[in-house]
Amino acid sequence: TLVTAGVYLLIRFNMLLIDMFFFKMLLLLSGLTMFMAGISANYEFDLKKIIALSTLSQLGLMMSILSMGLPELAFFHLLTHAMFKALLFMCSGVIIHMMNDNQDIRFMGGISMYIPMTSLCMNISNLALCGVPFLAGFYSKDLILEMVSMSNLNMLIFFLYYFSTGLTMFYTIRLLMYLMINDYNLFSMYNLYDEDYVMLKSMFLLLFMSLVTGSFLMWMIFNYPYMIYLSFNMKMMVIYVSLIGMFMGYLISNMKIYSLNKFLMTYNL
């Protein structure tokens, strides 16, 4: 609630701000925020910091679609994002506790062998964040990106939107490779017990919500459907950038040695 309070305030007061120069500035700034947060999340090794940066990226998405004059879409994305991001933070909190309060993702690996239910929730919420079709994030994110494609904005804004979507997939796959696919590092302070069944009750509720909320809210809150008329390639553009980001994230995550990440070498650019 604290994170999205400013977005909610601007959604409530959007009638005052419409057709002002401030909104054009806000569009540029929030697009750059999405871009910056997506780039930064790829270089982070702190589990909580990666998720916080992805939240920042989604906030940039909400603000930018709000500044294009579509407040109900921004609110829709705020609600769906609340579901899977709450689940993601709960999962990462459980994982950090099991790692004996150690947040570095390089020290984790093979989590899915030891805490399968938590890993399931983590992966589903991560994929909902990416906008994998028919999960909660897909409905809002895809609708937002299609409305961007419909409006006559310049190439810069278009590039920022789609590149940020690709980057979201990028750091999600990177997180998944580090946490789930890797071998169990046998870091000396590991404290893995079976599952946290107290947390799992709320996590499964949120898991159900992040599966159904997207379609449910799309049916509930829009009193008329958005008319979207695009060519096939423009419709599929979200899927294209997601697949490219997924492939790139897989490739970059394979370039690593445990303590030294080769991807950090691209900081020299």
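Please label the shape of the range 79-139 as rounded, prolate or oblate, based on the square roots a ≥ b ≥ c of the eigenvalues of the alpha-carbon gyration tensor (a/c under 1.5 means rounded; beyond that, a/b larger than b/c means prolate, else oblate). Prolate, since a/c reaches 1.5 and a/b exceeds b/c. Tell me what the chain gives for mean residue ellipticity at 222 nm when only DSSP H runs of n ≥ 4 count, each as -39,500 (n - 2.57), the sum divided by the residue total, rounded to 500 deg cm²/dmol. Rounded to the nearest 500, the figure is -22500 deg cm²/dmol. With 0.36 nm allotted per residue and the present C-alpha distance subtracted, the ILE39-ASP19 stretch has 4.1 nm of extension available. Centre-to-centre separation between the Cα atoms of the range 54-78 and those of the range 210-256: 15 Å. If the chain linking TRP219 and PHE134 were pulled fully straight, counting 0.36 nm for each residue of separation and taking away their Cα-Cα distance, it would gain 29.2 nm.
In order along the range 235-248, the Karplus-derived 3J(HN,Hα) couplings, from 6.51 cos²θ - 1.76 cosθ + 1.60 at θ = phi - 60°, round to 5, 8, 4, 4, 5, 4, 5, 5, 5, 5, x, 5, 5, 5 Hz, and Gly and Pro are given as x. Normalised by residue number, the volume inside the convex hull of the Cα atoms of the range 1-94 is 78 Å³ per residue.
Projecting the Cα positions of CYS91, PHE21, ALA136 onto the charge dipole of the chain (unit charges on Cβ atoms of Lys, Arg, Asp and Glu, taken about the Cα centre) puts PHE21 furthest along the positive direction. Computing FRET efficiency as 1/(1 + (r/R0)^6) for ASN254 and ALA5, where r is the C-beta to C-beta distance and R0 is 45 Å, gives about 0.65. The listed residues GLU44, GLU195 rank as GLU44, GLU195 when sorted by accessible area, largest first, using a 1.4 Å probe. Using every pair of separate Cα atoms, the Kirkwood estimate puts the hydrodynamic radius of the chain at 19.1 angstrom.
The phi-based Karplus calculation (6.51 cos²θ - 1.76 cosθ + 1.60; θ = phi - 60°) puts the 3J(HN,Hα) values of the range 202-212 at 5, 5, 6, 4, 5, 5, 4, 4, 6, 8, 9 Hz, whole numbers, x for Gly and Pro.
Rounded, prolate or oblate, given the Cα gyration tensor of the range 69-171, with a/c below 1.5 counting as rounded? It is prolate, given that a/c is not under 1.5 and a/b is the larger ratio.
The values are calculated or read from the model by the stated rules, or taken from the named source; none is laboratory data. Computed from a predicted structure; not experimentally measured. When we count neighbours, we look across all protein chains shown, and the Cβ atoms used for this are built from the backbone with ideal geometry, even at glycine. Surface areas here come from the heavy atoms of the whole protein model, side chains and all, with no ligands, DNA or RNA. Shrake-Rupley method; radii C 1.70, N 1.55, O 1.52, S 1.80 Å.
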